[in-house]
């Protein structure tokens, strides 16, 4: 029933030298454990252009978090490299901010909402006046300017994740990495947060890499979706989401094109689960 | 929606972390290295003249003295005296605290009525009672018992009160509506909930009891290892004194180990322990 | 009415106990237990005078200095050891031994090594109180949430700032539990070191009263020690409430779920 296949690359799409903001090249990660080696990520290559909003989607256990941690500089890859603005990533770069899935554990419970948002700026030596302005702006952008004095644990899950997003936004990153940020919030809150991400992205022009296991979410949010295979992970497919720029929870999701894309991604994920792997990627591994 | 939830719990994260590569030497080897370094340091201090050997004999000499002690009946009698005071004192304190804790804890009136008194008596240091103990009992074992019971009683009582307060109201009302008697409610509803708290109290009290047993022996002269330490010190048998001190340390380690094992055994069915085991 | 009721709860039992004590002692004089009135006058006469300056305050000073030093040392060392996995494994058995060692045995040891003076008494308090703080700090640092660590790293919060903003606050609940133990050990050691080897201080004075069968004076000394214990406990609880307000709130929220 697919009327038109999406524009896609088998394997990850790359950009010409100098145009990519974030490049991942032949990334491989093997965990050495007492029970033997586990190859979590086999070979990943893709680029993010400046200002893109890209979703990474893959079956559970496909090494999404591992990949994200390698990109964020929180974990060393076994081979291959990540470059941000041409600079090789060896530790967490200044221009990156991460929003974790476990908002309850990533926000510091001993700090109030504003203090949580302010801390990275304070640590970076941003002057007080500037700091105040950035924090206020970020809290306003996520719709939380009314609870600055609360502690995070006094807020609902969705609001806590807003605080974490505000903290990331206030840090003024060039790249915003999000690791399944909405996996632990209820459906209604999730929809609101998805729209929040779209609006923040548009307003600030930041580049976003959004990891999720939810197919609908990846299509609704992304301008591009990178589908990962099951572990050991390679890029299964890299597709362009040609939906209108203005997204709306009801309208966009009921577009026939949305359904087509959803079917396409779903089929790819099913293939990935069954162990099908695109040839290009396999030959790339072989060489 | 197509979703496959991935485990994101703390336990899973920890399990993952423990599967990560363990770099270098196993833990017990490192611990052994620590012990050897410590003993080596101790051995060298008097040899290098950092301290005088008559005040801190080298480790080898002290360990030799301890080995000699281990073959002496007098040493084992002293250990037996200390452990007897420890065990009797702990048992009295636990029994008293358990009964009183249950009675007070199960009555909201008594809980409020006794609160101020408990909060006032609890922080009073047991050693304040030393002169009283001497006056009343002299150097008999009762002196040790007075100090031990006083200190341990509060440790256990507080835990029992916490435990009873933790009893689920719904469970209690259910029991009541099924016509459970007071004794049945205590046995089937309150006691199981309170047990982990009681065990925590006993574990804390067990080490406190040893501290006060040794204190009483050291200061008052009631029979036991502490008295032997005081005698060795005043008699100038410095290696012997250090050997006895080592022995009290090992006693402490043994008590900590045993109470931890017992706690785990008794509570093996309890979620708080099972959770700990998986994490 | 409500205030009256809570006053009743607060003072009811203490008043009953006081009345019982008064009735039991005022009928037939008891050698071992003075009457409440006698104890009160003895208490005032004995402690509100020169003794306050020569015995009580110096004892309290030594206790405060010793406990504070033990807390600072314990936290600093605990951070250093807790943050390093190898160091942690190397020191664990030795530290566990020192934790299990009943602190009063340190009194004769330090008498030998330091001599009988103020320094020895403070040293006894430090060397007894440091272990619960040290081991709890190590435990608090060790069990820090990995997600918090990654958050700090990804926002460039490293080194000293990480200790200040993440590690110390996160370990505070565990550290405070250690401090609480340290306080009661400190008080025990203050008394013992003075009873064992001293010619002044609270412990010494109280033992003197006992030896000379000055029973009401001895009881008044026990009251002084009790009051110090109660005061320490109140100060601790006050500090803990302020420092750990976030923690108690968090626990309440978690338990309500």
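None of the figures in this text is laboratory data; all of them are computed from the coordinates on show. The structure presented is a predicted model; accordingly, all values stated were derived computationally and were not measured. So basically every Cβ, Gly included, is an ideal-geometry build from the backbone, and we count neighbours across all protein chains shown.
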Between the Cα axis of helix C:245-256 and the main Cα principal axis of chain C, the angle (0 to 90°, nearest 10) is 80
What does the convex hull of the alpha-carbon atoms of segment A:160-232 project to on average, in nm²?
-> 5.3
What is the calculated FRET efficiency for residue B:99 to residue B:64, with r their C-beta to C-beta distance and R₀ = 60 Å, to the nearest 0.05?
-> 0.80
Rg(Cα) of chain A divided by 2.2 N^0.38 Å?
-> 1.00
Segment B:97-251: proportion of alpha-carbon pairs further apart than 28 angstrom, % | 38
Mean-position separation - Cα centroids, segment A:174-204 and segment B:24-77, in angstrom | 61
Among B:211, B:35, which comes first, then next, by fewest other beta-carbon atoms within 10 Å?
-> B:35, B:211
Enter the angle in degrees (range 0 to 90, nearest 10) between the Cα long axis of helix C:2-26 and the first principal axis of the Cα atoms of chain C, meaning the one along which they spread out most.
-> 50
What share of the DSSP beta bridges in the protein assembly as shown is antiparallel, in percent to the nearest 5?
-> 55
Of all the Cα-Cα pairs you can form in segment B:41-90, what percent are over 14 Å apart?
-> 63
Quarter of the Cα convex hull surface for segment C:189-257, i.e. its orientation-mean projected area (nm²) = 6.6
Mean separation of Cα pairs under 8 Å and 6+ residues apart, divided by the residue count of segment B:147-199: what relative contact order is that in percent?
-> 53
Using alpha-carbon pairs under 8 Å, 6+ residues apart, how would you state the relative contact order of segment A:149-252 in percent?
-> 21
Measuring from the lowest to the highest alpha carbon on each principal axis, how far does segment C:1-66 reach, largest first, in angstroms?
-> 43, 38, 19
For segment C:143-196 and segment A:142-171, what is the separation of their C-alpha centers, rounded to whole Å?
-> 27
Between the alpha-carbon centers of segment A:3-47 and segment A:61-94, tell me the distance in whole angstrom.
-> 11
Rounded to a whole number, what is D in µm²/s for segment A:195-274 from Stokes-Einstein with the Kirkwood radius over alpha-carbon pairs (4 °C, 1.567 mPa s)?
-> 97
In degrees between 0 and 90, to the nearest 10, how far off the longest principal axis of chain C does helix C:57-82 point, with axes built from Cα atoms?
-> 20
Dmax and Rg, reported as Rg then Dmax, of segment A:136-191 (C-alpha, Å) = 11.4, 30
Of B:36, C:109, A:41, how do they rank once you tally other Cβ atoms within 10 Å and put the fewest first?
-> B:36, C:109, A:41
Consider just the alpha-carbon atoms of the protein assembly as shown and return their Rg together with their Dmax, both in angstrom.
-> 32.9, 107
In vacuo Debye sum over C-alpha of segment A:121-266, base-10 log of normalised intensity I(q)/I(0) at q = 0.09, 0.10 Å⁻¹, listed in q order, is -0.32, -0.40
Over chain C, what is the relative contact order in whole percent, taking alpha-carbon pairs under 8 Å and six or more residues apart?
-> 24
Quick one: in segment C:77-149, what % of C-alpha pairs are over 15 Å apart?
-> 59
Over segment A:50-161, how many percent of alpha carbon pairs lie in each 5 Å bin up to the one with the longest distance?
-> 2, 10, 16, 18, 18, 17, 12, 6, 1, 0
Quick calc, residue A:266 & residue A:37: beta-carbon distance into FRET formula, R0 30 Å, rounding 0.05, result 0.40
Residues in segment C:15-50 that a label on residue B:116 would reach, taking backbone N under 17 Å of a point 7 Å out along Cα→Cβ | C:15-21
Size-normalised alpha-carbon gyration radius of segment C:8-142, reference 2.2 N^0.38 Å = 1.57
Computed FRET efficiency, Cβ-Cβ of residue A:255 and residue A:186, R0 35 Å: what is it to the nearest 0.05?
-> 0.90
Per the Debye formula with a single identical scatterer at each Cα and no solvent contribution, what log10 I(q)/I(0) holds for chain B at q = 0.09, 0.11, 0.15 Å⁻¹?
-> -0.63, -0.86, -1.17
Once you have a ≥ b ≥ c as the square roots of the Cα gyration tensor eigenvalues for segment A:1-98, tell me rounded if a/c is under 1.5, and otherwise prolate or oblate according to whether a/b is larger than b/c.
-> oblate
Divide by every residue of chain A the summed helix terms, -39500 (n - 2.57) for each DSSP H run of at least 4, and state the resulting mean residue ellipticity at 222 nm, rounded to the nearest 500 deg cm²/dmol.
-> -11000 deg cm²/dmol
Inverting the mean 1/r over all pairs of different Cα atoms, compute the Kirkwood radius of segment B:162-279 and quote it in Å.
-> 17.4
In bins 10 Å wide, starting from 0, what share of all Cα pairs of segment B:66-187 does each bin hold, as a percent?
-> 12, 30, 26, 17, 10, 4, 0
If you take the Cα atoms of segment C:61-115, find Rg, then find the Kirkwood Rh from the mean of 1/r over all pairs, what is Rg/Rh?
-> 1.05
What is the Cα radius of gyration of chain C over 2.2 N^0.38 Å, N being its residue count?
-> 1.26
